[in-house]
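The values are calculated or read from the model by the stated rules, or taken from the named source; none is laboratory data. All values reported here derive from a predicted model rather than from experimental measurement. As a convention, Cβ positions derive from the backbone with ideal geometry for all residues, glycine included, and neighbour counts pool all protein chains shown. All accessible areas refer to the heavy atoms of the entire protein, side chains included, with ligands and DNA or RNA removed. Shrake-Rupley method; radii C 1.70, N 1.55, O 1.52, S 1.80 Å.
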Amino acid sequence: MNLMNAHLPEDLIWEILLWLPGRLLLLLRTVCRSWNSFISSHEFVMHHHQRSTQPRLVYCSLESEGMDIMQCSVSSLLYNQLQPTRIDPLQIKYKSIQGSCNGLLCLCEGLPYKNLTLFNPCTRWVSLIVPFKYPHGDDRHPVFCGLGYDALRNKYKFVTCSKISGGLGSRAIVCTLEANPSWKTVDHPMFPYFTWCHSGTFVSGTLNWIAHDPSKNHDPFRVLEYFILTFELITESFGRLRLPKNNHTHPGFFGRLRNHTHRGFHEDVPSLHVLKNFLSVCFHPAYDNTAAYTIWIMKEYGVEKSWTIVLRIPFNGRIITPGNWLEPLYMSEDYILLAYGEFYRGKLLVYNFRKREVVHPMIDISSDSLSIYPLSKFSYGKFFHVYHESLVSYFP
């Protein structure tokens, strides 16, 4: 069977295939050589990922024997709340998720990192293992890292920064993931920075982290000035963006004291995300019953004046209280939010903005075990990622 001999025009077949789930397309590739070539082409793969309507949630967990990576359907969590959402292990042991991009997960092993691997949960494709190389033998724990895509060169790159021995500054290294991976050191005159989010947020060809300058952290009465540390994948250069001005955040002296307690160390630090394909920041309020979580998006990346509030989540009795914290994971087109945090009834919640309604989705972890209060103690918040099903499964 040949696409050119089909009864439908090829451009119409293209449009039809673009809307199909990735798992179905894997089956269609076996129809014939021309379909396999068509569906496997780089142009089709990238267009399909941009159209993908199959978001999946993945996270590191101890719910199975040994640390594993679990996944489930985001759509089921948002819209099928009367039935438990099935969570399945990917059977990838003892690796942490340190970034995601174009449907690929970046998996690292060991700490300090010993190696990294790219994995596509949809196709089950796994890249070759790339040994980690630290400049000058410096294998200190990484300060921050992230996986991104260089659209100009059609390459995936892993970026990480580690402290120089002796603690006198930091350095960044970039690994270009290809048949023969290459490592290089990237200098940045504005280092050192202290970053609060370990794994970078990839959007618009850049990686992004919440950061502040530790040299300005000595005055206990001074409010920390957070900003966004950026890394441009094409130019391999660092920069910075200002956060939007927001009320009910950065509570000054008393908030700083609370940040240094065991229970709430990260409590008042804003967090970065990608929501509706925009760079997003969530401000965590101080201990104030009149406050609310506020979520902003940058409508035009790099333009600080384009920051816009899209959501305010007020405190709601026992479900969302001033003692909680919240990490947005995904926002649908109709403004239903999936978030992770420490809540009374578990670690996942769904917030319907139009209905002002908070729901905790039910989770089915195994065939004979139903958890109404999901993810109570077996998950790690910083390792949560939402990816869209993709057919990307090779080094360009």
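What to note about this one:
- Those residues of the range 139-153 which are within 21 Å of the chain's Cα centre (by Cα), open to solvent by 20 Å² or more (accessible area, probe 1.4 Å) and at pLDDT 85 or above, in sequence order: Tyr149, Ala151
- Long-range neighbours under 8 Å by Cβ, at least six apart or interchain, first residue closer than 15 Å to Val392 by Cα within the range 17-39, second open to solvent by less than 30 Å² (accessible area, probe 1.4 Å) and among the charged types (D, E, K, R): Pro21/Glu389; Gly22/Glu389; Arg23/Glu389
- Restricting the range 169-222 to residues that are in contact with a His (Cβ under 9 Å, 6 or more places away or on another chain) and part of a loop (DSSP other than H, G, I, E, B), the residue that is modelled with the highest pLDDT: Tyr193
- Residues in the range 223-257 that are acidic (Asp, Glu) and assigned to a loop (DSSP other than H, G, I, E, B) were compared, and the one that is modelled with the highest pLDDT is Glu236.
- Ile39 vs. criteria assigned to a helix (DSSP H, G or I) and modelled with pLDDT of 85 or more: yes
- Scanning the range 329-358 for residues that are farther than 16 Å from Ser73 by Cβ, at pLDDT 80 or above, in a strand (DSSP E or B) and open to solvent by 30 Å² or more (accessible area, probe 1.4 Å) gives a single hit, Glu357.
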